[in-house]
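So the structure is just underneath, and the comments pick up after that.
The values are calculated or read from the model by the stated rules, or taken from the named source; none is laboratory data. Since we're looking at a predicted model, the values are computed, not measured. FYI the Cβ positions are ideal-geometry reconstructions off the backbone, even for glycines, and counts take in every protein chain you see.
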Amino acid sequence: MSQIARHYIGGVWRNDGGAPDISVNPADGTDLGTFLPGYARLADEAAEVAKAAFEEGVWASSPRLRAQVLLDFADKLEAAKDEIADLVVAENGKLRAEAMGETMAGVSESRYYAGLARNIRGSMQEVMPGQLSLFHREAAGVAGIIVPWNAPVTLLVRSLAPTLAAGCTVVIKPAAQTPLTHARIMECLADCPNLPPGVVNSVNENGIEVGQAMVASADIDVISFTGSSATGRKIMEGAAGTLKRVGLELGGKAPALIFGDADLDLAAKQLTHGSLAIAGQMCAAAARYLVHESVAEAFGARMTAALGAVRVGPGANPDSQMGALIDRDNQARLMRLVEQAGDEGRMMLKGAPLDQGAFLTPTLFAIDDLTSPLVQEELFGPIVSFETFADEAEAVAKANATPYGLAASVFTTDVSRAMRMSRAIRAGTVWVNAHLRLFAEAETGGYGQSGLGRLHGVEGLHDFLETKHIFLEPGRV
């Protein structure tokens with residue numbers, strides 16, 4: 001593990017900042033290492049360096065160079081996968097299998113966008129005889145990437161890879177909870193022999209100072225943020241002063257619709273993982289079970305048994321099936337929500353902390369009040385509501401009853417019903433007879449308060465590209 005996580009600006013590791021802060025293992029409270037907090041002036045300097053690299057270098061006009069760097073980066077990540085996964089487990093608390101899956105997803109993402117880097121094409125239209133309109137796709141400029149703590153590898157690379165593929169230069173702000181993981185990823189980038197200095201820069205956070213400076217910077221043209229809807233709104237407000245483009249993947253309250261003809265065993269298996277991945281600290285995790293009243297009792301019994309049987313423990317323990325929460329503060333917050341769920345609904349399975357560490361066992365509660373904050377707000381933990389419906393119309397109404405629209409799932413053996421429900425649910429992703437199937441080729445993003453824009457897939461490039469119209473009359477040249 002890195003002893004200290006530093007900043008990386010202009011191809012140089014920097015020791016600027018205040019007194020080093022400590023990264024803590026949420027599973028046992030031990031100190032893992034230190035990181036240097038950043039500050040606003042350092043973020044401004046990184047943005048200036050990135051702008052100079054964009055305007056004065058060849059990066060934006062060199063698709064083959066960009067592809068090679070992304071391929072090199074993927075190779076470096078893969079070579080360090082065990083070390084990176086261990087760091088994710090230690091700093092984040094998630095299972096080793098989850099950490100390795102996340103790391104390899106970053107490798108896949110980087111290789112996917114390496115291919116797209118060499119396939120960014122414009123178009124041409126002859127609007128009148130001899131008059132040509134050329135439409136050129138070019139890099140938007142400097143991108144600022146603000147990374148959350150819950151998936152510090154994947155949620156960095158899924159913004160970074162399309163940013164670099166498009167030809168942008170970058171300033172990154174990692175999460176304060178996972179600085180050592182981020183520093184190791186930055187080492188992989190720094191080791192890429194073809195990466196020009198200043199193309200990728202990184203400044204550690206200090207409260208919210210660095211993020212605010214990035215959002216307000218006139219040198220940053222695009223912000224790509226993954227996190228809460230409340231923070232997303234603040235970023236939009238902060239970006240208004242410079243009218244920069246903002247891409248946001250925000251909160252979720254994913255409903256899972258279970259119909260009377262569903263394979264209940266399959267649904268229980270999918271939703272146990274779908275609700276408890278990263279201890280439920282995932283915006284696309286299944287947070288609401290909407291169950292047809294004809295199978296409510298049977299499915300409720302299955303889910304109570306399945307969630308109750310999950311072994312909660314340290315992510316490094318191969319016997320663990322769900323890891324730790326990110327910290328004790330979130331544990332205390334979620335325990336208060338568990339008590340609220342018992343007051344407002346009917347407790348089917350009550351979660352509890354373990355003897356040590358930031359752990360909380362799963363909670364499942366039945367509730368009828370759609371207006372309750374427990375239904376309307378993202379809880380971001382292993383707490384799931386159980387609700388019933390009588391017909392398709394009620395199922396859709398309840399599924400769409402929150403301000404979020406990031407993801408949903410539908411469990412049925414009727415293909416026509418699956419398509420009707422998938423079209424009617426206002427969410428960026430709808431899985432059928434599955435939950436949490438994510439990969440580089442498929443766009444993700446939300447409706448409503450779940451955000452703006454798309455990540456992954458070909459559309460993941462769009463936030464980082466501009467379209468330029470060039471008019472040409474060849475006969476007059």
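Data table
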item	result
Qualifying positions in the range 1-37 - free of Cβ contacts under 8 Å to residues at least 24 places away in the same chain and either surrounded by 15 or more Cβ atoms within 10 Å (Cβ to Cβ) or not in a strand (DSSP E or B) (or both)	N15, A19, P20, T30
Hey, G280 surrounded by 21 or more Cβ atoms within 10 Å (Cβ to Cβ) and not hydrophobic (A, V, I, L, M, F, W, C) or not	yes
Evaluation of W149 against (1) farther than 20 Å from G227 by Cβ; (2) surrounded by fewer than 24 Cβ atoms within 10 Å (Cβ to Cβ) (one fails), failing number	(1)
Subset of the range 237-249 (residues that are touching a strand residue (DSSP E or B) at 6+ places or on another chain (Cβ under 6 Å) and surrounded by fewer than 21 Cβ atoms within 10 Å (Cβ to Cβ))	R245
Residue match in the range 250-262 (condition: surrounded by fewer than 22 Cβ atoms within 10 Å (Cβ to Cβ) and in a helix (DSSP H, G or I))	no
Filter result (surrounded by 17 or more Cβ atoms within 10 Å (Cβ to Cβ) and either of a type in the set (D, E, K, R) or in contact with a helix residue (DSSP H, G or I) (Cβ under 6 Å, 6 or more places away or on another chain) (or both)) within the range 40-53	A40, A43, D44, E45, E48, K51
The range 268-282 residues that are outside the structural domain of A99 (by TED's automatic domain parsing), paired with ones that are in a helix (DSSP H, G or I) and at pLDDT 95 or above (beta carbon under 6 Å, 6 or more apart)	A268/R302; A268/M303; A268/A306; T272/A306
Residue match in the range 167-175 (condition: over 24 Å from L250 (Cα atoms) and either among the hydroxyl-bearing types (S, T, Y) or assigned by TED's automatic domain parsing to the domain that holds G33 (or both))	yes
Residue match in the range 171-187 (condition: within 22 Å of G57 (Cα to Cα) and free of Cβ contacts under 8 Å to residues at least 40 places away in the same chain)	yes
Some residue of the range 168-188 being among the hydroxyl-bearing types (S, T, Y), at pLDDT 95 or above and closer than 15 Å to G10 by Cα	yes
Candidate set from the range 393-444 (those that are over 15 Å from F259 (Cα atoms) and among the aromatic types (F, W, Y)); member that is modelled with the lowest pLDDT	F439
Any hit, the range 86-103, residues being free of Cβ contacts under 8 Å to residues at least 12 places away in the same chain, in a helix (DSSP H, G or I) and in the same structural domain as A218 (by TED's automatic domain parsing)	yes
Among the residues listed as A316, A296, the single one being surrounded by fewer than 21 Cβ atoms within 10 Å (Cβ to Cβ), closer than 16 Å to A27 by Cβ and among the aliphatic types (A, V, I, L, M)	A316
Residue check for P196: within 18 Å of the chain's Cα centre (by Cα) and either at pLDDT 95 or above or over 27 Å from M104 (Cβ atoms) (or both)	no
Residues satisfying the stated conditions in the range 441-461, i.e. surrounded by 20 or more Cβ atoms within 10 Å (Cβ to Cβ) and either assigned to a helix (DSSP H, G or I) or of a type in the set (S, T, N, Q) (or both)	T444, Q449, S450, G460, L461
The range 169-182, residues that are outside any loop (DSSP other than H, G, I, E, B) and under 10 Å from V147 (Cα atoms)	I172, K173, H182
Residue match in the range 365-383 (condition: surrounded by 15 or more Cβ atoms within 10 Å (Cβ to Cβ), of a type in the set (S, T, N, Q) and under 15 Å from A286 (Cβ atoms))	no
Within the range 372-393, tally of residues that are assigned to a helix (DSSP H, G or I) and of a type in the set (A, V, I, L, M, F, W, C)	3
Some residue of the range 103-125 being polar (S, T, N, Q) and touching a Lys or Arg at 6+ places or on another chain (Cβ under 7 Å)	yes
Criterion: at pLDDT 95 or above and closer than 27 Å to Q331 by Cβ - qualifying residue of A53, A85	A85
Residue in the range 314-362 that is nearest to the chain's Cα centre (by Cα), counting only those that are among the charged types (D, E, K, R) and in a loop (DSSP other than H, G, I, E, B)	D327
Test result for D221, charged (D, E, K, R), within 30 Å of A296 (Cβ to Cβ) and over 20 Å from the mean Cα position of the chain (by Cα)	no
Residues that are among the aliphatic types (A, V, I, L, M) and either closer than 14 Å to A183 by Cβ or in contact with an Asp or Glu (Cβ under 7 Å, 6 or more places away or on another chain) (or both), drawn from the range 13-36	I22, V24, L32, L36
Residue that is surrounded by the fewest Cβ atoms within 10 Å (Cβ to Cβ), among those in the range 394-433 that are part of a helix (DSSP H, G or I) and touching a Leu at 6+ places or on another chain (Cβ under 8 Å)	K398
Residue in the range 285-293 that is of a type in the set (K, R) and assigned to a strand (DSSP E or B) present	yes
